[in-house]
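*Asks:* This is the structure, below, for whatever I ask next.
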Amino acid sequence: MARMIPPYISPSCPSPGEQEIFRRLKNDPETSDWIVLHSLDIAEHMRQISGEADFVIIIPAKGVLCIEVKACSSLRRENGQWFYGLDNRPDRRGPFRQASEAMYSIRKRVIVARPDFSHIVFWSAVIFPFVEFSVKSDEWHPWQAIDTRAFRARPLGILLLGILEKARAFLKERLDVKWFQSQSVSPTEEQCNIMTNLLRPSFEFYESPKQQALKLSNELKYYTQEQIAALDAMEANARVAFSGPAGTGKTMLAIEAARRSALKGNRVLFVCFNRHLGKWLEDQMESLKPQVITRTLHSQMLSTAGIVPNETEKCQETFWTNKLPTLATEKILMEGVQNCFDEIIVDEAQDILRNEYLDFLDLSLEGGLASGQWQFFGDFEKQAIFGAANIPLDVFIKNRSGSASIYALRMNCRNTPRIASLVHILGNLNPDYSKILRPDNGIEPELLYYDSSKDQTTLLIKTLDSFYKKGLTGGNIVILSTKADTACAAHSVQDSPWADRLKPFELSVQGHIGYCSIHAFKGLEAPIVVVTDVDEVSGPTSKALFYIAVTRALQKLIILAHDSVRNEILSILLEDKGARHG
């Protein structure tokens, strides 16, 4: 595994190509002794006030390779100007010149500090991970470009080594290049470390606390990559239920499943249960409209039935669980299936396994649930908290699925190891995750206790103050409660400025901290989660809510619990510690 600096790629990095290259460099066995600097600003650029090298790769005994990545979907050059994808802004320098200038700036910095390093080979190259590139020009060597064909066909470490080998062979033939020593094994391991330390001052690793928190909202996409194999493994199955506990990447897999289905030309219905999750998913799938219809199940039923519930009906649970499914189903039966879908993708499927809901989906799918194409993603063990009428997964598979397959997901790709451990202990997750994919960030979950509502409010404000002092605001933080919005601790905050900073989650905008019930936030996640109003931990419902709340946190978790449950929580923690060391 290469030494990556920084050790993780920021999920805010807009280039999927850079993200993939980072992962491949990090995990390629060929790169085990390499040092890779990613996306570092060049403070002393040769032609600009500042510049950037996408990747600077220091390889023992070979040299230093500066990589420019152009992760565009299309590429053209007109009148000496380069255009990438849909970006109409011209690039007069072009990628090869960008890479070359960055390389010379870096080499100059190193040699000024260490003239004895002047014989080390520095070279540049360009990677086009998504397009073919076979243009020949005197402006670059053909072996300085890695296009999508080579990128997909061969290990990246071998490709990059090949570039440096060709560069060394080219320099050997150049009699005017006096500094090159073909027999040299430079840079040595010591020289590699010296260069790394030299380059760091000239490379700005600037990332504000706000950016550090925001990047975690997308980090799940990176750590879900190992889970994509699940979709590949079940590709030949028309009907699959993907079952896994919270944090195993089900939502991201559902998004990818919908995308893949659309690429096949299918008309897809993509539904979930939770309203907030439904809005987020709809935003994520915007580009695939109208081929992929993304809604909550109830929104789809309202659309099918052609009705708008009145205020009384909105507050009646029976309207949503019985009347609406009946009206929507009857509408299809009376008028026929006007818009039957080729495939249905369901997230939060554990909350949709009710006969009334399944009848509606059955009629909405070409071939029905027993013969059609569908993929259900759910936590069928722990998160079915919306009513007892839901049927077990095995019963659904046996009676309504047409012998569908089940694929078990057990690797956690959302939470850090310390948070995942708390999920296992206090969330009563058994069996535990098979693997935690994210590395340990060294941040322990915090348990804080209060003895009154006023005390809890004080604790909450103190906690939020500490985050604001670190620059963490707005979208970094969410407050979840075991209670409804109007009864939770966040709603009771009256002190300025926090009374204005806290808003119900659905009303929160940039700069606000949103709060809502644990139920309402199911299926979503946030960098920092503060759980409030924990006054029970032993009941089945309390354990389920606690499990859901804890698994929402990507980076930092704080739990505000009542003094009355302190001894119970400590007892559970001590019992687990004893079991591990017993």
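*Asks:* Take I111 and tell me if it is of a type in the set (V, I, T), at negative phi and in contact (Cβ under 8 Å) with a residue 60 or more places away in the chain.
*Replies:* Here the answer is no, as I111 does not meet what is asked.
*Asks:* Let me ask another. Picking from K178, K172, which residue would you name as being part of a helix (DSSP H, G or I) and either touching a helix residue (DSSP H, G or I) at 6+ places or on another chain (Cβ under 6 Å) or without any contact (Cβ under 8 Å) to a residue 24 or more places away in the chain (or both)?
*Replies:* Values: K178 fails: part of a helix (DSSP H, G or I).
Checking each option against the conditions leaves just K172.
*Asks:* Just the residues that are among the hydroxyl-bearing types (S, T, Y) and part of a strand (DSSP E or B), please, taken from the stretch 481-536.
*Replies:* Scanning the stretch 481-536 gives S481, Y515, S517, T532.
*Asks:* Within the stretch 110-126, can you find the residues that are more than 20 Å from P60 (Cβ to Cβ) and part of a helix (DSSP H, G or I)? Steps first, answer last, please.
*Replies:* At the first step, the residues of the stretch 110-126 found to be more than 20 Å from P60 (Cβ to Cβ) are 112, 115, 126.
V112, P115, listed by residue number.
*Asks:* Considering only the stretch 479-502, I want to know if a residue exists there that is modelled with pLDDT under 85 and in contact with a helix residue (DSSP H, G or I) (Cβ under 9 Å, 6 or more places away or on another chain).
*Replies:* There is no residue in the stretch 479-502 that is modelled with pLDDT under 85 and in contact with a helix residue (DSSP H, G or I) (Cβ under 9 Å, 6 or more places away or on another chain).
*Asks:* Could you name every one of the helices (runs of 4 or more DSSP H) located completely within the stretch 367-476 that has at least 1 residues being among the acidic types (D, E), surrounded by fewer than 19 Cβ atoms within 10 Å (Cβ to Cβ) and not assigned by TED's automatic domain parsing to the domain that holds E506?
*Replies:* Where helices (runs of 4 or more DSSP H) fall fully within the stretch 367-476 and carry at least 1 residues being among the acidic types (D, E), surrounded by fewer than 19 Cβ atoms within 10 Å (Cβ to Cβ) and not assigned by TED's automatic domain parsing to the domain that holds E506, they are 393-400.
*Asks:* Right, next: Restrict the check to the stretch 281-302 and report whether at least one residue is of a type in the set (D, E), assigned by TED's automatic domain parsing to the domain that holds I406 and over 26 Å from the mean Cα position of the chain (by Cα). Before the answer, list the steps.
*Replies:* Step one: filter the stretch 281-302 for residues of a type in the set (D, E), giving 282-283, 286.
Add one more test, that the residue is assigned by TED's automatic domain parsing to the domain that holds I406, and what stays is 282-283, 286.
From what's left, over 26 Å from the mean Cα position of the chain (by Cα): none.
No; the residues of the stretch 281-302 include none that is of a type in the set (D, E), assigned by TED's automatic domain parsing to the domain that holds I406 and over 26 Å from the mean Cα position of the chain (by Cα).
*Asks:* If you don't mind, there's one more thing I want to ask. Search the stretch 525-580 for residues being of a type in the set (K, R) and touching a strand residue (DSSP E or B) at 6+ places or on another chain (Cβ under 7 Å), and hand back the single one that is farthest from G471 (Cα to Cα).
*Replies:* So the residue we want is R566.
*Asks:* What do you reckon, is I344 at pLDDT 90 or above and crowded, with 16+ Cβ neighbours inside 10 Å?
*Replies:* It is true that I344 is at pLDDT 90 or above and crowded, with 16+ Cβ neighbours inside 10 Å.
*Asks:* Say whether the condition of being under 26 Å from M411 (Cβ atoms), touching a Gly at 6+ places or on another chain (Cβ under 7 Å) and either in contact (Cβ under 8 Å) with a residue 60 or more places away in the chain or among the basic types (K, R) (or both) is met by at least one residue in the stretch 551-574.
*Replies:* Keep residues of the stretch 551-574 that are under 26 Å from M411 (Cβ atoms), which gives 551-559, 572-573.
Remaining after also requiring touching a Gly at 6+ places or on another chain (Cβ under 7 Å): 551.
Those left that are additionally either in contact (Cβ under 8 Å) with a residue 60 or more places away in the chain or among the basic types (K, R) (or both): 551.
Taking every residue of the stretch 551-574 in turn, at least one turns out to be under 26 Å from M411 (Cβ atoms), touching a Gly at 6+ places or on another chain (Cβ under 7 Å) and either in contact (Cβ under 8 Å) with a residue 60 or more places away in the chain or among the basic types (K, R) (or both).
*Asks:* Next question, about the same structure. List, please: which pairs have Cβ atoms under 7 Å, are six or more places apart or on different chains, and start with a residue in the stretch 320-333 that is surrounded by fewer than 19 Cβ atoms within 10 Å (Cβ to Cβ) and end with one that is of a type in the set (V, I, T) and not in a helix (DSSP H, G or I)?
*Replies:* Note: pairs meeting the criteria are L327/I307.
*Asks:* If R92 satisfies every condition in (1) charged (D, E, K, R); (2) surrounded by 22 or more Cβ atoms within 10 Å (Cβ to Cβ); (3) modelled with pLDDT under 90 but one, which is the exception?
*Replies:* Of the numbered conditions (1) charged (D, E, K, R); (2) surrounded by 22 or more Cβ atoms within 10 Å (Cβ to Cβ); (3) modelled with pLDDT under 90, the odd one out for R92 is (2).
*Asks:* If you don't mind, another one. Pick from T188, T196: which is touching a Pro at 6+ places or on another chain (Cβ under 9 Å) and modelled with pLDDT of 85 or more?
*Replies:* Only one candidate passes the filter, namely T188.
*Asks:* Among the candidates I385, I425, I443, I406, single out the residue that is of a type in the set (A, V, I, L, M, F, W, C) and either modelled with pLDDT of 90 or more or within 13 Å of A241 (Cα to Cα) (or both).
*Replies:* I406
The values are calculated or read from the model by the stated rules, or taken from the named source; none is laboratory data. What you see is a predicted model; the values in this text were computed from it and never measured. Please note: Cβ atoms are built from the backbone with ideal geometry, for glycine as well, and neighbour counts cover all protein chains shown.
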